[in-house]
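For reference, the structure is listed below as structure tokens.
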Amino acid sequence: MKRIDAASHVRGEAQFVDDVPPPAEMLYAAVFSSSVMHGKILALHIEDARSLDGVVAVLTAKDIPGENQIGTVIPDEELLASEEVHYVGQPVAVVVGTIPEIVQKGVRRITMDVAELPAVTDPKEAFLEDKIIDTPQVFALGDVDTAWQKCDLIVEGLCDIGGQEHLYLETQRARAIPLEGDVICIHSSTQGPSLVQRHAAKILGISNCRVEVDVKRLGGGFGGKEDQATPWACMAALAAWHTKKPVELVLRRADDIRMTGKRHPYKSDFKIGVTKEGKILAYEVKHYQNSGSTADLSLAVLDRTLFHSTNSYFIPNVRIFGVCCRTNLPSNTAFRGFGAPQGMFVMESAIAKVAEKLGMPREDIQAKNLLKENDVFPYDQQARNCRTRMTWDKAVESYQLPEIRKRIEDYNKTHFEMKKGFALMPVCFGISFTTTYMNQASALVHVYTDGSVSVSTGGVEMGQGLSTNILTIAARTLGIRPGRIKIESTNTTRTANMSPSAASATTVLNGNATLIAIGQVLDRLRAVMAKELCVPEKEKITIVDEKVLYNGNETGWTWNLLVQTAYLNRIDLSAHGFFATPKIYFDKAEGKGSPFAYHVFGTAIIEVTLDCMRGIYDVDSVKIVHDLGRPINDLVDRGQVEGGLAQGLGWMTMEDLRFNEKGQLLSGTLATYKVPDVYFMPDDIEVTFLENAEEPLGPYGNKAVGEPPFMYGIGVFFAIRHAMRAFRPQNEFTFTSPLTPERVLLQLYYEKSH
Ligand code: MTE
Ligand code: HPA
Ligand code: MOS
């Protein structure tokens, strides 16, 4: 089966929020935002905007009937700034009018007097000024302090890790429609429909049941719409509330990039101690997260950094410290990997530095320290069904690492200005929201009298193929053709209290909820069938290809006949299924627990060619062995591996966010912010899924796949570094990302030592 939306996407028929024909008298909204990093609002001048022909309303914090608060984890975020502004791009007012051009003009007519206050953009500076969110978090295992004495070599270093713009194709947007009886319906491009519902209700001062949020699909989210789709939906709702008209708010690309948060930049200090054979005995790391102006999801992101700070390695003595530092930038937020990439990058940097000092190949140190079955992570969980070594060995063997090594050595001996490099990148990624209560989902299934089926879940289709997965699961479980099943939009009236679609867990959670709901309907249908056939064991009744079988033999009954018979016997043909991931827990104060249902394992080998005269490089190949459990839909799963890899490669190499000293984003357009394109991606990508690797939690043996492959991209940094060292063996290179061609060139020729 192909992805169910492939044809409609290719033809441009798939509808997004603003593709649906506008309802009568719909108005448009645009946002006026702060142009300073930090300051006290002295006066806001909206009169010139309000007097513009076609402007219907200009709304500010004063116009919020409920509570001006949209912080999800900590209530520290206003929808519209009331007294102070904390970053360039912070929303202050919403202009509503009859056509988009007029409201943009209105925005340009607003001015604001601000008394500027000191601002900070660097996380370590913020930390020193005690601008932190919540208390720092520490995970510890063994005893690092005494372990240093047993080490033959101790190396220290620092990483300066860049952020990343999500660049979903569809910018942030929402359409709010007022309905009868103080009810509002919001079509939002959000990963978290229930979050939009709760916050819109809070902003309007009404109860959750009066807000209906409907999501058909997203043109990409990548974490950028887990929390940060909420403000725009709330602003549209606020405007609809005041004007009593439908209102649409669509961010222009430049505004989206400027106003929304990104992947968190980190500054991290590491210290690593090894034996002369390269066994890691101790590792200490301090992560200073650049959280931006509000908490948003930063604390959870930091937790995931800590959980993944030792990546695929077992280290007996570890201390991991992390702190969220409040800076005057747009609040950074969820982005594929959710903090894990930063933690892993520092670990890989520490290994690189040790390897260079010991004069050993980096991959030899990696191989010596790989995680084994039952090894304990610094947060106390044990590695179970650990396939780190399996994926590593399979990658080394089937992709012929010795040959790669030899080929690259030979190439480098015979080439002066061109150098090749390679790196191995193992990944071990925990599956489940680390915030345990979020690991719940529900599904609603209706079977209609003609035998067709409707499935609603709390999962959002954001391009990752969720609808295709849910459809495959439903069709397989029911034993009917996929064409008879409709996957519905995600809607808060049909599905309540959903967790955002995130943490790669959407299919795990909502797929299992779908299985449970369908199981209930099937159970009732089997009882009807057993009665009709006068057989005692209803468990022996199965449905295959829309035929009803007993004990594997045809009964002459079809799915349609069974459904009709059940209906005439007044049997309930609808069911609600609820799933909560079993056996997970975590004590945040202690930093101990078993927060993950399981881990996803894999290993990538990345090869690059570097032009040492120009600093430019090509990624020649990426070869991956990935632990997927059993594919639900092979093409969807492969798409996720390749797409995640592309984003990871971009983060490490070319995606360079630059702010000036006034906190204005300099790389705020696609002319200045480069992302990988089809030419950058290697022609040679191989992905092998481990066989016989079924995950019992499923559904259908499947393992979550959305985020883990992102982190294979980290390997490209070390492959380029490898090539740089072949050209300049004496230089000490930094661990500063992204490793843009410009940075490569500077380090090869100007920044000789550190
Ligand atoms: N793939 C596409 N095409 N578009 C997306 O927005 N988001 C990623 C990943 N893959 C994303 C994607 C992120 S951040 C996550 S957490 C998962 O998909 C979410 O979906 P899942 O839970 O179904 O894997
Ligand atoms: N991943 C993604 N989103 C989340 C998480 C997580 O672990 N926890 C809370 N939101
Ligand atoms: Mo993904 S960062 O968990 O939305």
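Things worth noting here:
- Selection over region 434-473 of residues that are away from ligand 2 (no atom under 16 Å from the Cβ) and either modelled with pLDDT under 95 or under 17 Å from the mean Cα position of the chain (by Cα) (or both) gives a count of 3.
- Output for region 565-587, where each listed residue is within 26 Å of Thr457 (Cβ to Cβ) and part of a helix (DSSP H, G or I): Ala566, Tyr567
- Some residue of region 284-292 being more than 16 Å from ligand 3 (Cβ to nearest atom) and outside the structural domain of Thr391 (by TED's automatic domain parsing): no
Every residue, every condition in (1) out of contact with any Leu (no Cβ under 9 Å at 6 or more places or on another chain); (2) within 16 Å of ligand 2 (Cβ to nearest atom), yes or no:
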{"site": "Asn290", "(1), (2)": "no, no"}
{"site": "Thr294", "(1), (2)": "yes, yes"}
{"site": "Leu302", "(1), (2)": "yes, yes"}
{"site": "Arg319", "(1), (2)": "no, no"}
{"site": "Gly337", "(1), (2)": "yes, yes"}
{"site": "Asn374", "(1), (2)": "yes, no"}
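- Positions within region 428-469 being touching a helix residue (DSSP H, G or I) at 6+ places or on another chain (Cβ under 6 Å), assigned to a helix (DSSP H, G or I) and either among the hydroxyl-bearing types (Ser, Thr, Tyr) or buried (at least 24 other Cβ atoms within 10 Å of the Cβ) (or both), in sequence order: Thr468, Asn469
- Residue within region 717-729 that is away from ligand 1 (no atom under 16 Å from the Cβ) and not in a helix (DSSP H, G or I) present: yes
- Considering region 15-58, and only residues there that are surrounded by fewer than 14 Cβ atoms within 10 Å (Cβ to Cβ) and of a type in the set (S, T, N, Q), the residue that is nearest to Met462 (Cα to Cα) turns out to be Gln15.
- Restricting Asp364, Asp380 to those that are closer than 30 Å to Phe586 by Cβ and assigned by TED's automatic domain parsing to the domain that holds Phe727 reduces the list to Asp380.
- Residue in region 446-457 that is within 13 Å of ligand 1 (Cβ to nearest atom), outside the structural domain of Lys216 (by TED's automatic domain parsing) and in contact (Cβ under 8 Å) with a residue 24 or more places away in the chain present: yes
- Residue in region 687-708 that is surrounded by fewer than 19 Cβ atoms within 10 Å (Cβ to Cβ), outside any loop (DSSP other than H, G, I, E, B) and either among the hydroxyl-bearing types (Ser, Thr, Tyr) or touching a strand residue (DSSP E or B) at 6+ places or on another chain (Cβ under 9 Å) (or both) present: yes
- From the options Ser298, Ser331, residue that is under 25 Å from Ala505 (Cβ atoms), in contact with a Phe, Trp or Tyr (Cβ under 9 Å, 6 or more places away or on another chain) and surrounded by 23 or more Cβ atoms within 10 Å (Cβ to Cβ): Ser331
- Those residues of region 265-306 which are assigned to a helix (DSSP H, G or I) and touching a Gly at 6+ places or on another chain (Cβ under 6 Å), in sequence order: Val301, Leu302, Arg304, Thr305, Leu306
- Selected residue [under 19 Å from the mean Cα position of the chain (by Cα), β-branched (Val, Ile, Thr) and away from ligand 2 (no atom under 16 Å from the Cβ)] from Thr490, Thr506: Thr490
- Strands (runs of 3 or more DSSP E) contained entirely in region 97-185, each with at least 3 residues that are basic (Lys, Arg) and at pLDDT below 95: none
- The lone exception for Pro65 - which of (1) surrounded by fewer than 21 Cβ atoms within 10 Å (Cβ to Cβ); (2) under 24 Å from Ile257 (Cβ atoms) it fails: (2)
- Checked against (1) in a helix (DSSP H, G or I); (2) free of Cβ contacts under 8 Å to residues at least 12 places away in the same chain; (3) not basic (Lys, Arg), Gln647 passes all but condition (2).
- Test: Ser33 is in contact (Cβ under 8 Å) with a residue 40 or more places away in the chain and among the polar types (S, T, N, Q): yes
- Ala496 without any contact (Cβ under 8 Å) to a residue 12 or more places away in the chain and surrounded by fewer than 24 Cβ atoms within 10 Å (Cβ to Cβ): no
The values are calculated or read from the model by the stated rules, or taken from the named source; none is laboratory data. Quantities reported herein were computed from a predicted structural model and do not represent experimental measurements. For neighbour counting, all protein chains shown are included, and Cβ atoms are generated from backbone atoms with ideal geometry for every residue, glycine included.
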